[in-house]
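The values are calculated or read from the model by the stated rules, or taken from the named source; none is laboratory data. It should be emphasised that the depicted structure is a prediction, and the values quoted were computed from it without experimental measurement. Counting neighbours? That spans all protein chains shown, and the Cβs are built from the backbone with ideal geometry, glycine included. All accessible areas refer to the heavy atoms of the entire protein, side chains included, with ligands and DNA or RNA removed. Shrake-Rupley method; radii C 1.70, N 1.55, O 1.52, S 1.80 Å.
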Amino acid sequence: YTFMKAMGGSVGTSMVDEDKFDYCREVIEKAKKRNVNLMLPLDTVIASEFAPDSEPALCKAGQIPEGMMGMDIGEATRAAYSSAIRSAGTVIWNGPMGVFEFPAFSYGTRAIADAMAECKGTAIVGGGDSVAAVEQYGLTSRMSHVSTGGGATLELIEGKELPGIACLLDK
């Protein structure tokens, strides 16, 4: 939702990191310059409140009405993301797509977990919530690597030094 709002979209009462708007615009610009397909949601499942019995509705991404919040990715986004994941050489997943703890808003996370399990390449899952989802769906054994350390996984990929690893390399 931070990316959507940074691009001028409406996100209703969805959570955003307002201090990251400039960063989001930089990422979008870099992706364009490097001809990278930056996949952002096409549609969003919304609700009026953060509750398991909230009535889900669908809207285009970046067009969430006032008083509503994003709760999951929509069907078009699920299809696009799943297709890209299944055919990827390497996929790193960090964070559920929606509020998968609420059944009405779990479809996006389930679709991504299934696509990760079907990925012909390397499928890496990082972060406690993502791990909980693949475990809940019984797909853990079909992933290449699963780590509850989501932040550490991302830092490793970024090339940052991890203290727990660095101390093992000290001689």
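In debye, nearest 20, what is the charge dipole magnitude of the range 105-171 about its Cα centre with +1 on Lys and Arg Cβ and -1 on Asp and Glu Cβ, if you could check? Intermediate results must be reported in sequence, preceding the final value.
On the way: 5 positive and 8 negative charges, 35 e Å.
Result for the range 105-171 is approximately 160 debye, rounded to the nearest 20.
Each residue, residue 21 and residue 160, gets one label point 7 Å from its Cα in the Cβ direction; the gap between the two is 2.5 nm. The length gained on full extension between residue 132 and residue 80, counted as 0.36 nm times the residue separation minus their Cα-Cα distance, comes to 16.4 nm.
Candidates 35, 169, 4 compared by Cα position along the dipole of the chain: farthest toward the positive end lies 35, with charges placed on Cβ. The H on the amide N of residue 122, modeled in the peptide plane, is under 5 Å from the matching H of 90, 91, each at least 5 residues off or on a different chain. Rg and Dmax, both from the Cα atoms of the chain and both in Å, are 17.1, 58. May I ask for the distance between the Cα centers of the range 1-47 and the range 62-79, given as a whole number of Å? That distance is 13 Å.
Using the Cβ atoms and a cut-off under 15 Å, what net charge is assigned to the surroundings of residue 65, where Lys and Arg are +1 and Asp and Glu are -1? Intermediate results must be reported in sequence, preceding the final value.
Values: positive: 5, 60; negative: 43, 49, 55, 66.
Surrounding charge for residue 65 is -2.
Secondary structure note: in the chain, about 45% of the DSSP beta bridges are antiparallel.
Note on the range 1-135: with neighbouring protein chains present and a 1.4 Å probe, carbon and sulfur make up 51 percent of its accessible heavy-atom surface. Which residue, 112, 159, 99, has the largest displacement toward the positive end of the dipole of the chain when charges sit on each Cβ (Lys, Arg +1; Asp, Glu -1)? The Cα lying farthest towards the positive end belongs to 159. Each principal axis of the range 87-171 carries a Cα extent, and these read 51, 27, 20 Å when sorted largest first. Rolling a 1.4 Å probe across the protein heavy atoms gives the chain an accessible surface of 59 Å² per residue.
Rounded to the nearest 20 debye, the dipole size of the chain about its Cα centre is 840 debye, using +1 on the Cβ of Lys and Arg and -1 on the Cβ of Asp and Glu. For residue 95, the residues whose modelled amide H falls within less than 5 Å of its own, excluding neighbours fewer than 5 places apart on the same chain, are 126, 130.
Taking 121, 138, 70 as the candidate residues, the one with maximal mean-square fluctuation in a Gaussian network model of the chain, Cα springs under 10 Å, is 138.
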